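Here is the structure we will look at, set down as structure tokens.
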Amino acid sequence: MARIIGGFFTSHVPAIGNAIAKKQQNEPYWKPFFDAFPPVREWIGKEKPDVVVFFYNDHGLNFFLDKMPIFAVGAASDYVSEDEGWGIPTTSAFKGDPKLSWHIINGIVADGFDPVMCQEMTVDHAITNPMLLMYPDSNWPVRIVPIAINSIQHPLPGPKRCYDLGRAVGRAIESYGENLRVLVLGSGGLSHQLDGERAGFINKAFDQECMDAIAGDVSALNKYSALDVVEKAGAQGVELMCWIAARAAMQGRVRELRRSYHIPISNTASAVMLLSNEPVEAAKAA
């Protein structure tokens, strides 16, 4: 059976890709952020996931304001990296896992969700930057399943809806018949706003509340509406929904391994978290 071995949560701002391309990881502005990743890569290298299931937000590459699904699941054989305008170097394509994708789609539809099913999909910095942070040599040893969550066009899905999506995805993964080691990944955030009167807005206290919930009881965030999150985290801080969904997918006993928080990077509160996930049976026996 497939098993979720852990969760990785990281910011994905385009400037990260530029910093990697320009080899700026040790410059004072970037070093506090990049210093968080060697332990993450060490853990991933030891645990060797087969598949990474991404909860992320598309930035107008596949969907725009005229056609914006609340949730969309990739079911492609491969995913081409596209630059959506930031000048980030594109990477080699990522291999998909269509069989697992369709199993997840069937599972979440049975649980009451109606995702858009994408047999063709391109990916942007929300996936390429976390992949480069995990595998800086660009040699991808994993397959991916992208699950896009609308963070652009209102009405937005709120924490409770994204929590429920994550739980449904987690159940589907854990019921998959192949022996796979799966890493779930929440991509984006935390608090930030890129435009308007609150451009540059960062809410450190709310970010820390969210990270504590991710490490502990993520359902504590379900008390907030989508508009509450916009108010507390900024218009683009709703990328937090990707973190909530990824964390909710973890079905066993969760343990925090790493946490890092650094402000600002490109007017964004950047954060990194790594969690392990014991199998359900082991958690029940303990």
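For the stretch 43-65, which positions are modelled with pLDDT under 95 and of a type in the set (D, E, K, R)?
D58
Give me a count of the residues in the stretch 237-270 that are in a strand (DSSP E or B) and either within 18 Å of N203 (Cβ to Cβ) or in contact with a Cys (Cβ under 6 Å, 6 or more places away or on another chain) (or both). Please lay out each step first, then the result.
Initial filter on the stretch 237-270 (in a strand (DSSP E or B)): 253-265, 268-270.
Filter once more, keeping what is either within 18 Å of N203 (Cβ to Cβ) or in contact with a Cys (Cβ under 6 Å, 6 or more places away or on another chain) (or both): 259-265, 268-270.
Number of matching residues: 10.
Evaluate the following for R161: is it of a type in the set (K, R) and under 27 Å from K67 (Cβ atoms)? Write out each step before concluding.
Values: of a type in the set (K, R): yes; under 27 Å from K67 (Cβ atoms): yes.
Yes.
Taking the condition of being of a type in the set (D, E, K, R), under 22 Å from L257 (Cα atoms) and in a loop (DSSP other than H, G, I, E, B), how many residues in the stretch 10-62 meet it? Walk me through how you get there before you give the answer.
Start the filter on the stretch 10-62 by keeping residues that are of a type in the set (D, E, K, R), which leaves 22-23, 27, 31, 35, 41-42, 46-48, 50, 58.
Of the ones still in play, those that are also under 22 Å from L257 (Cα atoms) are 31, 35, 41-42, 46-48, 50.
If we keep only those that are in a loop (DSSP other than H, G, I, E, B) too, we end up with 35, 48, 50.
Of the residues in the stretch 10-62, 3 are of a type in the set (D, E, K, R), under 22 Å from L257 (Cα atoms) and in a loop (DSSP other than H, G, I, E, B).
Would you pick out the residues in the stretch 155-167 that are more than 14 Å from G237 (Cα to Cα) and either under 15 Å from the mean Cα position of the chain (by Cα) or surrounded by fewer than 18 Cβ atoms within 10 Å (Cβ to Cβ) (or both)? Walk me through it before giving the result.
At the first step, the residues of the stretch 155-167 found to be more than 14 Å from G237 (Cα to Cα) are 155, 160-167.
Selection gives P155, K160, C162, Y163, L165, G166, R167.
Hey, any hits in the stretch 234-249 for a residue that's surrounded by fewer than 17 Cβ atoms within 10 Å (Cβ to Cβ), of a type outside the set (A, V, I, L, M) and in contact with a helix residue (DSSP H, G or I) (Cβ under 9 Å, 6 or more places away or on another chain)?
First, pick out the residues of the stretch 234-249 that are surrounded by fewer than 17 Cβ atoms within 10 Å (Cβ to Cβ): none.
So far as the stretch 234-249 goes, no, none of its residues is surrounded by fewer than 17 Cβ atoms within 10 Å (Cβ to Cβ), of a type outside the set (A, V, I, L, M) and in contact with a helix residue (DSSP H, G or I) (Cβ under 9 Å, 6 or more places away or on another chain).
Only residues in the stretch 55-72 that are touching a residue at least 24 places away in the same chain (Cβ under 8 Å) and on the phi < 0 side of the Ramachandran plot count as the first member; pair them with residues that are surrounded by 20 or more Cβ atoms within 10 Å (Cβ to Cβ) and of a type in the set (D, E), Cβ under 8 angstrom, at least 6 apart or cross-chain, and list the lot.
Close Cβ pairs (under 8 Å, with a partner that is surrounded by 20 or more Cβ atoms within 10 Å (Cβ to Cβ) and of a type in the set (D, E)) amount to N57/E239; D58/D124; H59/D124; L61/D124; A72/D58.
Identify all residues within the stretch 91-130 that are touching a residue at least 60 places away in the same chain (Cβ under 8 Å), under 22 Å from S270 (Cβ atoms) and not charged (D, E, K, R); write none if there are none.
V123, H125, A126, I127, T128, N129, P130 - these are the residues of the stretch 91-130 that are touching a residue at least 60 places away in the same chain (Cβ under 8 Å), under 22 Å from S270 (Cβ atoms) and not charged (D, E, K, R).
(1) farther than 27 Å from A168 by Cβ; (2) of a type in the set (V, I, T); (3) surrounded by 20 or more Cβ atoms within 10 Å (Cβ to Cβ): which one isn't true of T90, the others all being true?
T90 satisfies all of (1) farther than 27 Å from A168 by Cβ; (2) of a type in the set (V, I, T); (3) surrounded by 20 or more Cβ atoms within 10 Å (Cβ to Cβ) except (3).
Return yes when I70 is in contact with a Phe, Trp or Tyr (Cβ under 6 Å, 6 or more places away or on another chain) and either surrounded by fewer than 21 Cβ atoms within 10 Å (Cβ to Cβ) or closer than 26 Å to V40 by Cβ (or both) and no when it is not. Walk me through how you get there before you give the answer.
Values: in contact with a Phe, Trp or Tyr (Cβ under 6 Å, 6 or more places away or on another chain): no; either surrounded by fewer than 21 Cβ atoms within 10 Å (Cβ to Cβ) or closer than 26 Å to V40 by Cβ (or both): yes.
Spelling it out, it is not the case that I70 is in contact with a Phe, Trp or Tyr (Cβ under 6 Å, 6 or more places away or on another chain) and either surrounded by fewer than 21 Cβ atoms within 10 Å (Cβ to Cβ) or closer than 26 Å to V40 by Cβ (or both).
Consider the stretch 177-226. How many of its residues are surrounded by 14 or more Cβ atoms within 10 Å (Cβ to Cβ), over 27 Å from K48 (Cα atoms) and of a type in the set (K, R)?
Total meeting the criteria: 1.
Identify the residue in the stretch 74-98 that is outside any loop (DSSP other than H, G, I, E, B) and closer than 17 Å to T128 by Cα and, among all such residues, is modelled with the lowest pLDDT.
Keep residues of the stretch 74-98 that are outside any loop (DSSP other than H, G, I, E, B), which gives 74, 78-81, 94-96, 98.
Keeping just the survivors that are closer than 17 Å to T128 by Cα gives 74, 78-81, 94-96.
On the way: G74: 98, D78: 97, Y79: 97, V80: 93, S81: 90, F94: 97, K95: 98, G96: 98.
Looking at the filtered set, the residue picked out is S81.
In the stretch 181-202, what count of residues is obtained for those that are at pLDDT 95 or above and either charged (D, E, K, R) or touching a Lys or Arg at 6+ places or on another chain (Cβ under 7 Å) (or both)? Steps first, answer last, please.
As a first pass, look at the stretch 181-202 and keep what is at pLDDT 95 or above: 181-187.
This time we only want the ones that are either charged (D, E, K, R) or touching a Lys or Arg at 6+ places or on another chain (Cβ under 7 Å) (or both), so: 181-182, 186.
Here the count works out to 3.
The values are calculated or read from the model by the stated rules, or taken from the named source; none is laboratory data. Please read all numbers here as calculations on a predicted model, not as lab measurements. FYI the Cβ positions are ideal-geometry reconstructions off the backbone, even for glycines, and counts take in every protein chain you see.
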